[in-house]
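Here the structure comes first, spelled out in structure tokens, and everything after it is commentary.
Please treat every number below as a calculation from the coordinates, not as lab data. These figures come from a predicted structure and were not determined experimentally. All Cβ positions, even for glycine, are placed from backbone atoms using ideal geometry, and neighbour counts span all protein chains on display.
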There are 2 protein chains.
Amino acid sequence: MARERKFSDKTLYNAAKHILLNNGYEGFTFSLLADELQVSRGALYKYYENKEELIMDYMIFEMNRFLAELKEINNYDHFDSQFDFLIKLMFKHNKIHQVLGFSYQITAIISENVRVKKVHLEKLHLEMYSVLRSFIQQGRNEELLNPSIKDELLLGFIFQSVDIPNHSEMPQTEWVRSVKELISHGMFTVK
Amino acid sequence: MARERKFSDKTLYNAAKHILLNNGYEGFTFSLLADELQVSRGALYKYYENKEELIMDYMIFEMNRFLAELKEINNYDHFDSQFDFLIKLMFKHNKIHQVLGFSYQITAIISENVRVKKVHLEKLHLEMYSVLRSFIQQGRNEELLNPSIKDELLLGFIFQSVDIPNHSEMPQTEWVRSVKELISHGMFTVK
DNA sequence: ATCAAAAGTGACACAAGCGTTACTTTATTC
DNA sequence: GAATAAAGTAACGCTTGTGTCACTTTTGAT
């Protein structure tokens, strides 16, 4: 018993992602989002109190989607195939890392609502790290990973490497292969 | 025959850097900058037409400073010591990479002035890449670098790795050593 | 058909950023 | 110590973003 919505959650989140990546957190406005969705600005306030709340919801959505896929990493037995799976997944969810970084910019405690969502997102973050840590542990058990490098750094290294900007627009397959090789063996010749 | 300035170029650039890193390009305002310098907003307009111009000037300053030091890389003969020098330098100018990335967000051609400065910055960028490319070439000549990885990617890989966020606040010396090792040999055990 | 519920709109008042300008302050030079 | 040049201030008008609210539109249920 209601009117049909002019935009789905998915289109809203896609638009939010688009604006965040192009304009950054501070450059994100309801006006831009409303324009992109071809809807009046006021309509957005039916669903979200302010941009902080909307962005948190978007991030939680994005993180859940990523996490659901990430957990499939446990379908693989060996580090080798897990690593392969992870790289493919991270390139698929390419920009997540950057977007999630904006959560550090949501500092002002706008409302209880937003605070709760921040905590929720942090929980998901931890959940993600827990999955990734057991991936690293698998690599350690197989004695494949350099033992002098701490887990956090190893993970940061992988995340960061996947985000290398492909300015020269190398074809995706070669790019992925090369990045994977760099993560694995670094820039020096393998002897 | 004039009054003394309340702030030097250096303090201004430092403040600009601070605001850019914390608030991003869109979050950068003359009000914030004026507050940080304890000066009225109007005073800033004595020196800069708008924030685009100011940010460009800051970036050019930052880039020149980096470039001047970078050129000393040619005092070293072998790739090995050049690499060592570069890593130290990049950790010293830690945030440059992130800050310079904002230049891509200055798109609207505000004024001829800003356009000229953008071109100038791009020239400095190219100059930097030229120095770095000959560094890579040195590594290639010594047959140290993986020949299947393209130059641009190798450089992007180094830049990106230096930017890995040290959330767990590992001590700087261990951090630098580990990052250098990852860049060199990747995450897998060196056999 | 009618009416209730949810979706959407447009206007309002407010806040913050921008760029300009008339004005004041400070220091130097003669 | 008066003139002057540069530095700094404070207020104005303008634009853009924010959050709200009374109102209209659409649609399914009765």
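Brief remarks follow.
- A simple rule links phi to the HN-Hα coupling: the Karplus curve 6.51 cos²θ - 1.76 cosθ + 1.60 with θ = phi - 60°, which for the range A:64-75 gives 4, 4, 5, 4, 4, 6, 4, 4, 5, 4, 6, 6 Hz, with x for Gly and Pro.
- Relative contact order of chain B, pairs being alpha-carbon contacts under 8 Å that are 6 or more residues apart, as %: 21
- Inter-chain Cβ neighbour average for residues A:172-181, partner chain, 10 Å: 3
- Per residue of B:149-155, other chain Cβ atoms within 10 Å of the residue Cβ number 5 on average.
- For the range A:1-152, the tally of Lys pairs with Cα-Cα distances below 16 Å comes to 9, considering only residues 8 or more apart or on different chains.
- Computed P(r) (all Cα pairs; the protein assembly as shown; 10 Å bins; percent): 4, 19, 28, 26, 16, 5, 1, 0
- Neighbour-count order for B:V116, A:V39, fewest beta carbons within 10 angstrom listed first: B:V116, A:V39
- Under a Gaussian network description of chain B, with springs only between Cα atoms under 10 Å, the residue in B:E112, B:E36, B:E122 that fluctuates furthest is B:E112.
- Axis of helix B:9-23 versus longest Cα principal axis of chain B: the two differ by about 70°, to the nearest ten degrees.
- Helices in chain A, meaning DSSP H runs of at least 4 residues, each add -39500 (n - 2.57). Divided by all residues, the mean residue ellipticity at 222 nm is -20500 deg cm²/dmol.
- Label positions at B:S81 and A:E49, each projected 7 Å from the Cα along the C-beta direction, are separated by 6.2 nm.
- Summed side-chain charge close to A:Q98 - residues other than A:Q98 whose Cβ falls under 14 Å, Lys, Arg +1, Asp, Glu -1: -1
- For A:M170, label point 7 Å along C-beta direction: distances to other copies, nm: 2.5
- Across the range A:1-97, the mean sequence separation of Cα contacts (distance under 8 Å, 6 or more residues apart), normalised by length, yields a relative contact order of 19 percent.
- Most mobile of A:I19, A:I73, A:I164 in a GNM of chain A (Cα contacts under 10 Å): A:I164
- Shape category assigned to the range B:118-191 from the gyration tensor of Cα positions, a/c cut at 1.5: oblate
- Gap separating the Cα centres of the range A:106-143 and the range B:119-181, nearest whole Å: 29
- Cleavage-rule hits (trypsin sites (Lys or Arg not before Pro)) in the range B:1-30: DSSP loop, at most 15 neighbouring Cβ within 10 angstrom: B:R3, B:R5, B:K6
- Neighbouring Cβ atoms from other chains, within 10 Å of the Cβ of residues in B:100-112, number 1 on average.
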